[in-house]
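Note sheet for the following structure.
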């Protein structure tokens, strides 16, 4: 059983204020909500601090993110001399069991066929280990490659994404799904913007690590970098460690810190601000969807590669449609906590609401095509900045969110053949015996083409071409729905010149 070596106390730190002008890279969202302090309890999160050492090799530098299931930390592997991301799940028994299921899935992904083109578009687990935390609670940890921001972060920043960037993301997403479905025989079941991430370049990762290590001297750190664990909970953990062990931990901590410093000092870090070239500044990149012309993109193609080491600049260049930046862009599918095998489903309740397929809503059998449906909804959102389907319950009209979701599908995609879902466990909650909606009588038909022209403001030709790409992914019949490999044959994925205007958003009455 592998254990953790942790800090007993930190050395005295100079009063250095956190500088908001430092590398504005991934994860730096001070205003974002952080993990609930109340979840630091027996069975919950482990109270990690920068400088903690896990599995006698991983020196933690900062928090990268968190979820209901776990916190994720940037660490330096002193054995392999590489940076890694450590996912530390909660320790309650159901979380341990879920971790083991996820680990099984990840091991299949790692070993299936590394040569497949889509393997590079799925997150890879590097290692796993266990340790005992507060009150001897067990944490089953997973070690991953370090990745960057997810697509939701980019949508919040730009509202919509450049159409050529969407094409690059879509192609790689489909490659990853092809690998999962055809080689690994795995269904992700939760494709959405949060679960598709932009990879960090080597320079971006080095800058992120240097900044994280330097933060030990800051008087105040952003909440996004540290644990929200109450001091008394951390103290409870430390008091459970024998005094002699704590002394050994301090000695080992210094030894590992020296290795980190030695490695960081060997890096060639460019901390200078990105320079303008050809009169173009990264801050001047057009943030709307498809408004740049091909000449602008070509003029920016020789933008200094070193400038991509600055994450914010890199995102601006991606959004500008810079072909050089697009060549540097790699995306990966992450978070397999809800994944299952084609021939073994863990649950019939799958997919996040806005990306949920009709078979999942109506309780009919599902397969890999459920991921394709979600992918189509995601792609539409990247281009338009809006959900393709945004269902809401209406107590006054006496219909629930599933009623409205199915109604919105029918409005956009046309009538739903009753033969497909009649055996679904929820079918007769929503339809009558003749296949008519029970509770919603008035529909407002539209089409994907109309929505792309109205919301994304795409020209008619581009809207029709994109609709032709998405429609096979949104077939009601899972046997007719396009596979990832079939989608990859589409000419729509080819980068091209774009013209258009800034998209607008539909008004929603509330959130689900």
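Quick notes on this structure:
- Here region 333-420 is treated as a sphere whose radius is the Kirkwood value from Cα pairs; by Stokes-Einstein at 4 °C and 1.567 mPa s it diffuses with a coefficient of 91 µm²/s.
- Pairs of Cα atoms nearer than 8 Å and 6+ residues apart set the relative contact order; for region 35-84 it is 25 percent.
- Most tightly packed first, judged by the mean number of other beta-carbon atoms within 10 Å of their residues, the peptides 107-116, 482-491 read 482-491, 107-116.
- Overall size of region 347-493 from C-alpha positions, given as principal axis extents largest first: 41, 32, 25 Å.
- Region 190-209-region 131-170 distance, computed between alpha-carbon centres (Å): 6 Å
- Each Cα pair under 8 Å and six or more residues apart adds its separation to the average, and for region 347-493 the resulting relative contact order is 24 percent.
- From most to least packed by mean Cβ count within 10 Å, the peptides 92-98, 48-54 give 48-54, 92-98.
- Taking the average, over residues, of other Cβ atoms within 10 Å as the packing measure, peptides 197-203, 367-373 rank 367-373, 197-203 from highest down.
- Mean separation of Cα pairs under 8 Å and 6 or more residues apart, divided by the residue count, gives region 317-412 a relative contact order of 16 percent.
No value in this document is a laboratory result; all are computed from the given coordinates. Predicted, not measured: the structure shown is a model, and the values here were computed from it. We place every Cβ from the backbone using ideal geometry, glycine too, and count neighbours over all the protein chains shown.
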